Amino acid sequence: MTLRVVRIVTTALLLMMIGSSVVLAENYVSWSGGFYISLPDDWEQIDYQTVDVFLISNQAGSDVLDYDAVLAPSSSILFFTGDYMILTVDTVGELTQTQIDSVLNQMRKTFGRDIKYYPVADFISDLKSNAPSYDADEKLITVVSDIVQQEQVTKKLMHMTKFYERGLATFYFYSPDSLFDQSKDIFKDIAQSFSTEDIEAAAGHQEVRVADLDSKETAEDKEDEESLPIVLYIVPISILIVIIIVVVRKKRGKKG
């Protein structure tokens with residue numbers, strides 16, 4: 001390992017040892033996105049530096065590094081070994097119903113399956129991998145995918161995108177395959193707790209925590225680094241987000 005990689009590993013371990021997360025008693029507030037979500041009492045926000053070490057070691061692109069927060073149960077020694085959530089926000093403005101319909105039509109073509117139009121709670125009770133569902137009342141898309149390593153399902157990804165007045169909030173819920181059935185309702189409840197009302201009250205006395213963008217390594221920096229000696233896995237950004245980005249870019253083009 002290079003000296004730089006050793007320093008990264010050492011930093012990550014120290015952060016984990018001293019408690020690299022900040023406990024969130026009840027809510028996580030996204031000040032950049034203008035919303036908050038309610039969390040189980042035992043969930044917490046993972047320190048940005050710890051998350052960046054994890055993502056960079058998996059050769060994540062700059063788009064993945066532009067996350068809003070990563071949250072996980074506080075009982076996890078290494079957050080990526082159990083349940084965890086990556087939250088991303090794109091404040092592109094509110095999409096029209098026509099644009100949302102366009103996203104859904106593209107999803108139907110991409111996944112080769114009809115979109116299921118029913119409440120997310122009904123979808124959770126009858127999950128099928130790679131079968132998209134849309135809750136029109138909550139404007140929430142849900143897709144569950146298997147993460148396979150060496151021909152064996154090791155993790156599941158519940159990918160939920162929320163359309164709201166300021167843009168898109170996307171939840172990437174990762175869970176070991178053995179834990180997913182007992183965790184899926186927790187994931188659903190977190191996504192459905194999304195709210196843009198009374199943010200200051202929801203924040204309470206929580207400190208405003210933002211990523212130190214200057215300390216984050218760029219894609220060019222990490223191209224010269226060796227992989228960390230830890231076997232980690234992160235699924236690439238799903239096809240769904242690519243579809244949404246195309247629709248959003250079209251929207252921006254029309255405004256210009």
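List of remarks:
- For first residues located in segment 31-44 and surrounded by fewer than 16 Cβ atoms within 10 Å (Cβ to Cβ), partners that are among the hydrophobic types (A, V, I, L, M, F, W, C) and not in a loop (DSSP other than H, G, I, E, B) and lie 6+ apart or on another chain with Cβ distances below 7 Å form the pairs Ser32/Val89; Pro40/Ile186.
- Screening segment 113-128 for residues that are in a loop (DSSP other than H, G, I, E, B) and at pLDDT below 75 and picking the one that is most open to solvent (accessible area, probe 1.4 Å) gives Lys128.
- Only residues that are farther than 16 Å from Ile37 by Cα, modelled with pLDDT of 90 or more and among the acidic types (Asp, Glu) were counted across segment 178-215, and they come to 1.
- Test: residue in segment 130-153 that is open to solvent by 30 Å² or more (accessible area, probe 1.4 Å), more than 18 Å from Tyr36 (Cα to Cα), hydroxyl-bearing (Ser, Thr, Tyr) and over 17 Å from the mean Cα position of the chain (by Cα): no
- Criterion applied to Ile56, Ile100 was being among the aliphatic types (A, V, I, L, M), in a helix (DSSP H, G or I) and modelled with pLDDT of 90 or more, and the one residue passing it is Ile100.
- Residues satisfying the stated conditions in segment 62-97, i.e. part of a loop (DSSP other than H, G, I, E, B), open to solvent by less than 30 Å² (accessible area, probe 1.4 Å) and within 19 Å of Thr170 (Cβ to Cβ): Tyr67, Asp68, Asp83, Val92, Gly93, Leu95
The values are calculated or read from the model by the stated rules, or taken from the named source; none is laboratory data. Bear in mind that the values here come from a model prediction, so they are computed numbers and not experimental data. As a convention, Cβ positions derive from the backbone with ideal geometry for all residues, glycine included, and neighbour counts pool all protein chains shown. Note: accessible area is taken over every heavy atom of the protein model, side chains too, but ligands, DNA and RNA are not part of it. Shrake-Rupley method; radii C 1.70, N 1.55, O 1.52, S 1.80 Å.
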